[in-house]
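Just so you know, all these numbers are worked out from the coordinates, no wet-lab data involved. None of these values were measured; they are calculated from a predicted model. When we count neighbours, we look across all protein chains shown, and the Cβ atoms used for this are built from the backbone with ideal geometry, even at glycine.
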Ligand code: ARG
C-alpha cells in the first residue's frame, strides 16, 4: 500500500464538495519534514483560509471534521497556525508490517493505469569504443526500464545505435588506407578502434595545426589591447572590468594554444602517426565522402560496413553483459535509412518543411533557427533519422511516452525534434528528454586520462573491480574470527561490488547535475554507496546464518511488536518503498530510490546498535526484530535490483 496516496485519496474525498483547487490541495498532504511533528502532514488550511478569508485554525478544524482517518490515524491535533499533523497508529503499522512480510512485491501494487513506455538509452556510436560518458545513459535508462516495469507499465527498451554516422566514414577511410591486416585478423575490434583513433587524432591534429596561426594572431591583438588599456589606466569600474575581461580571454586562449601545441607535438613525435601526416590535410572531407558513399549504397563501403558491424556489436555486448544490461530492441540509425527520402518528401508535400538556401528545413515559431532535415548536398541528418524513428515507434508500439535518456547537451536537438513531431501530428504521446549532466574528474573538469583521452568504459570497470577487490579483501582480513572468503569468492564479490559502485555513484546523484567520479568515494563502506547497502544486506544475512534457522519461519510473527522508537521508524521506512518509486516515476529520477535505500540502511544500523535481535527478551520480540531484519534485507535487495545492482550473501 502507498500510504501517502491513501491519505491523499481520503483527503481528496473529504474536500470534494468544497470550493477548492482539488489537485493542488491534495498535494498539500506530504510526508512530515520533522518526525517530531508526526509522520505526515496536511498544510492546506493556511492557503484555504486566505482564499476563504477565515481564520486558518477554524478552516483546519472543518477539514478535520470531514476527514475520515480511521483506522490509519487517530484524530490529530491542530498545531500552530493550522497545521494538521498525522501520526499513524501503532497497531495499524504493526498490521501493515505483517502484511508486508507476506508480500513478494513489498507493498508496491502494480499501477491501475498501465502505460506503454519506449525508452531510448545507451545508444552509443558504435565504431568507437564506449567511454565514461556512456555510463550515464546506460545506467539511468536501465534503472528506469526496470522501475517502470516493476510498477506495472509496459516497457520497451530500444538501443538507438549510432551505426550510420561519420564515425563509420572514419573507420572506412582508416581501413582502406592504413589497416594492419594481421591485427585485423587476430583482434578485429581492437584494430577498428585503433583505426578510429588514428583518424580521429589526425583530424584533430589538422584542425589545431590550421587554426594555430589565427589563434596566435588573436592572442597578439589581445595582448596589445591589454597593454593599451593598462597604459590608459583609469581606475573606474568599467576600465577595471574591461582589463579583467581581456586578461581572462588571454589566459583562456593561451591555454588553448598550449594544449594545441602539445597535441601537435604528441602527434608529430608518434612514429606511427607521423608517417601518416600526409593524409591529415584532406582527411575531414575524405571521411565525409566515405560516409556519403556508404549512404548512397556504394558496394565496397556497404560490404565493409556489413563486415565491421558484427565486430562492433560484439564489443558492445561484452560491456552490456558485464553491466547486466540488455535491450528489447536495437534498431540503430541504419535501420531507418531507407525511410528518410520518403519522410522528407512527405514533409514537403504536407507543407511542414520548405526549402531554404538549398536545404530542406522545418521552421518553428518558438526557435530562431530551423531544424534541417536534408542538407544542400542531399545528406540526411541525425534529426531526420530521429523523426523517422518516432514514426516507426508510434506505428509499432503505440507508446504513451517515449523517453530519451541522453546528455543534456543535446537538449536543443530534442526541443526541436519534439516540436517537429507535434507539427507532424504526434500530439498524444509524451516525448521526454531525460537529460543528464557530465561525469567530472577529481579536478572538476570532464573526466579524462592524464594524456587527455577520454577514459574507455572497460578499463574503468576493470579498475573499479580491482579496487573493490582490495576493499573486500581488507574487510575480510580484518574479521574478528579470521578471514572467511576464499580467493574465488573474493573475486566474485569484487565484480559485484565494483560494478555496483560505479552504477550507484551515477544513480545517486540527481541526474541533471554533474558529479565527480571518485573510486574512493564510490567504494566507501560507509555513506551513500552501493557498497554500504551491499554490506548491510550481507550483514543481515549473516545474522540469520548465525542464528542457524530458516529466515522465512523465524521471521513470522503476528501481531508484530516493537519497543524502541527506532523500531517504529525503521518499520515506517519499510512501508514507504511505494512512495519512493512513485517519486522516481514522477520525474524519472532514480536518485530518489537510492536516497530511500540509504535512509533505510541508516535506520537499520541504528536499530541494530540499539536493539538486541537474537538475544531479545522474549520470543515474540525476537521474531518481530528478525522480521524487521528480513524485510530490510529484502527491500535492499529488491531496491538494488531495480537499479540494476546485485547483492552478495556475504562480504
Ligand atoms: N548516438 C547518439 C550519441 O552518441 C545518441 C542517440 C540518442 N538517441 C536518439 N534517439 N537520438 O550522441
- Starting from the Cα of residue 92, step 7 Å toward the Cβ, then list every residue of segment 1-20 with an amide N under 14 Å from that point. 1-12
- Computed on Cα atoms only, the convex hull of segment 339-419 has an orientation-averaged projected area in nm² of 6.0 nm²
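Work out the FRET efficiency for residue 345 and residue 214 from their Cβ-Cβ distance, taking R0 = 51 Å, and round it to the nearest 0.05.
Efficiency computed from Cβ-Cβ geometry: 0.75.
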- Note on the structure: The Cα extents of segment 192-258 along the principal axes, largest first and rounded to whole Å, are 59, 19, 13
- Scoring segment 1-95 by relative contact order with C-alpha pairs under 8 Å, at least six apart, yields a percentage of 27 percent
- Message: Given the -39500 (n - 2.57) contribution per DSSP H run of 4+ residues, what per-residue ellipticity at 222 nm results for the chain, rounded to the nearest 500 deg cm²/dmol?
- Response: -19000 deg cm²/dmol
- Item | Cα point-scatterer Debye curve for segment 531-623, base-10 log of I(q)/I(0) at q = 0.20 Å⁻¹ | -1.09
- Item | Computed Rg/Rh of segment 84-137, alpha carbon atoms with Kirkwood Rh | 1.32
- Which three extents, in whole angstrom, do the alpha-carbon atoms of segment 165-316 cover along their principal axes, largest first? 68, 33, 28
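Taking 0.36 nm per intervening residue step and subtracting the Cα-Cα distance, what contour gain separates residue 521 from residue 30 on full extension?
Here the answer is 173.5 nm.
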- Message: Roughly how far apart, in whole Å, are the Cα centres of segment 320-337 and segment 149-221?
- Response: 19 Å
- Query: Once both axes come from the Cα atoms, what is the angle between helix 530-547 and the longest principal axis of the chain, in degrees from 0 to 90, rounded to 10?
  - Reply: 40 degrees
- Message: Eigenvalues of the Cα gyration tensor times 5, then square-rooted: what semi-axes does that give for segment 491-576, in whole angstrom, largest first?
- Response: 31, 19, 10
- Quick one: 312, 361, fewest Cβ neighbours within 10 Å first, how do they rank? 361, 312
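How large is Rg/Rh for segment 383-451, to two decimals, with Cα atoms and a Kirkwood Rh?
1.15
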- So, in Å, what gap is there between the alpha-carbon centers of segment 594-637 and segment 118-139? 38 Å
- Taking the convex hull of Cα positions in segment 494-651, its mean projected area over all directions (nm²): 9.4 nm²
- Query: Hey, if you drop one equal point scatterer on each alpha-carbon of the chain and run the Debye formula without solvent, what base-10 log of I(q)/I(0) do you get at q = 0.10, 0.11 Å⁻¹?
  - Reply: -1.11, -1.22
- In whole angstrom, note down how far apart the Cα centers of segment 353-383 and segment 559-589 are. 51 Å
- Kirkwood-type radius of segment 254-378, with distances r between different C-alpha atoms, in Å: 19.3 Å
- Counting residues in segment 402-503 as N, plug N into 2.2 N^0.38 Å and put the Cα Rg over that result. 1.69
- Query: What ranking of 432, 267 emerges when the number of other C-beta atoms within 10 Å of each C-beta is taken as an exposure proxy, fewest first?
  - Reply: 432, 267
- Task: Using label points projected 7 Å from each Cα along Cα→Cβ, tell me how many nm separate residue 245 and residue 77, to one decimal.
- Result: 6.1 nm
- Using the beta-carbon distance between residue 355 and residue 492 and R0 = 56 Å, what value does 1/(1 + (r/R0)^6) give for FRET efficiency, to the nearest 0.05? 0.35
- Message: Give me the percent relative contact order of segment 213-285, please, defined on Cα pairs under 8 angstrom at least 6 residues apart.
- Response: 30 percent
- Message: When a/c reaches 1.5 or more, the comparison of a/b and b/c decides; with that in mind, is segment 235-310 rounded, prolate or oblate per its Cα gyration tensor?
- Response: prolate
- Message: To make sure I understand, if each residue's beta carbon is the centre and we count other beta carbons within 10 Å, what order do 145, 598 fall in, fewest to most?
- Response: 598, 145
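For the chain, calculate the relative contact order in percent as a whole number, restricting contacts to Cα pairs under 8 Å that are 6 or more residues apart. Before the final figure, lay out the partial values.
Values: 900 pairs, mean separation 99.5, N = 651.
Computed value for the chain: 15 percent relative contact order.
Kirkwood hydrodynamic radius (Cα pairs, Å) of segment 170-210?
Hydrodynamic radius (Kirkwood, Cα pairs) of segment 170-210 is 10.4 Å.
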- Task: Could you work out how far apart the two model spin labels at residue 109 and residue 377 are, taking each label as a point 7 Å from the Cα in the direction of the beta carbon, and quote it in nm?
- Result: 6.0 nm
- P(r) of segment 57-155 in 10 Å steps, Cα pairs, percent per bin? 13, 22, 20, 22, 15, 7, 2
